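Structure record follows, encoded as structure tokens.
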Amino acid sequence: GDSVTQMEGPVTLSEEACLTINCTYTATGYPSLFWYVQYPGEGLQLLLKATKADDKGSNKGFEATYRKETTSFHLEKGSVQVSDSAVYFCALNPSGNTGKLIFGQGTTLQVKP
Amino acid sequence: GAVVSQHPSRVICKSGTSVKIECRSLDFQATTMFWYRQFPKKSLMLMATSNEGSKATYEQGVEKDKFLINHASLTLSTLTVTSAHPEDSSFYICSARGAADQPQHFGDGTRLSIL
């Protein structure tokens, strides 16, 4: 079945460092891909999305490109801040727009001053 | 922006009791609501999808008689864990969306602990 695999965490970085969180997926057809963020004590929030191959989602300095050839959707940011500390979830919505989301296991990011 | 309220945020109960969790969309009509379960250091696992006014669709391996879902209005869905046991202890999260092309908005989750 469809699945999402994220890199293991926690990821610990110093402020202004570059961030990459790897995400790969297995799915039939053409799923939509998402990154969600969960700040401490809060619910999940949509960070960015891409609905077709080669689309680039971006928000708050974060970017991810839908790569069908490598079935990947890696999250990147050029310069992280302490306020970016959170848990990041990669997810896919299978083809057919059923609305259901399949999540990766989440990656905790800790940014130190 | 759209807000989904989930209540209670934390509940501790004795084994054998039933627990009800509410999920409300505060400023939009939620045609569809989703219920997820999250184990420690694991991903969110979709339990069921509910559309207003119809029976919920459960994912494979989820006991529908154990996890009762009601979506009686466009702003409220409830998940009832019946005769809860310690293995039901988990973090339960709901989400809601309006039209099919709209994103899901998540509640803050409910930490359920069964003693």
inquiry  = Considering only the stretch B:69-89, I want to know if a residue exists there that is free of Cβ contacts under 8 Å to residues at least 12 places away in the same chain and within 14 Å of chain A (Cβ to nearest Cβ).
reply    = no
inquiry  = Looking at the stretch B:48-89 only, could you name the residues that are open to solvent by less than 10 Å² (accessible area, probe 1.4 Å), over 19 Å from residue B:104 (Cα atoms) and assigned to a strand (DSSP E or B)?
reply    = B:81
query = For the stretch B:9-29, which residues satisfy the criterion of being surrounded by fewer than 18 Cβ atoms within 10 Å (Cβ to Cβ) and under 17 Å from the mean Cα position of the chain (by Cα)?
reply = B:9, B:10, B:12, B:18, B:20, B:22, B:26, B:29
query = Quick check, is residue B:98 touching a Phe, Trp or Tyr at 6+ places or on another chain (Cβ under 7 Å), touching a residue at least 60 places away in the same chain (Cβ under 8 Å) and farther than 18 Å from residue A:42 by Cβ?
reply = yes
task = Of the conditions (1) part of a loop (DSSP other than H, G, I, E, B); (2) touching a residue at least 40 places away in the same chain (Cβ under 8 Å); (3) touching a strand residue (DSSP E or B) at 6+ places or on another chain (Cβ under 6 Å), residue A:95 clears all except one; give me its number.
result = (3)
request  = Examine the stretch A:47-63 for a residue that is in contact (Cβ under 8 Å) with a residue 40 or more places away in the chain, in a strand (DSSP E or B) and of a type in the set (D, E, K, R), and state whether such a residue exists.
outcome  = no
key: Conditions (1) within 11 Å of chain B (Cβ to nearest Cβ); (2) modelled with pLDDT of 95 or more: number failed by residue A:72   = (1)
request  = Kindly list the number of the only condition in (1) touching a residue at least 24 places away in the same chain (Cβ under 8 Å); (2) in a strand (DSSP E or B); (3) small (Gly, Ala, Ser) that fails for residue A:79.
outcome  = (2)
task = Give me a count of the residues in the stretch A:7-35 that are within 11 Å of chain B (Cβ to nearest Cβ) and either without any contact (Cβ under 8 Å) to a residue 24 or more places away in the chain or under 12 Å from residue A:102 (Cβ atoms) (or both).
result = 2
remark   = Scanning the stretch B:90-113 for residues that are more than 7 Å from chain A (Cβ to nearest Cβ) and more than 14 Å from residue B:39 (Cα to Cα), the one most open to solvent (accessible area, probe 1.4 Å) turns out to be B:101
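The values are calculated or read from the model by the stated rules, or taken from the named source; none is laboratory data. These numbers come from a predicted model, not from an experiment. Glycine also receives a Cβ, built like all others from the backbone with ideal geometry; neighbour counts cover every protein chain displayed. The accessibility values were calculated without ligands, DNA or RNA, using every heavy atom of the protein model including side chains. Shrake-Rupley method; radii C 1.70, N 1.55, O 1.52, S 1.80 Å.
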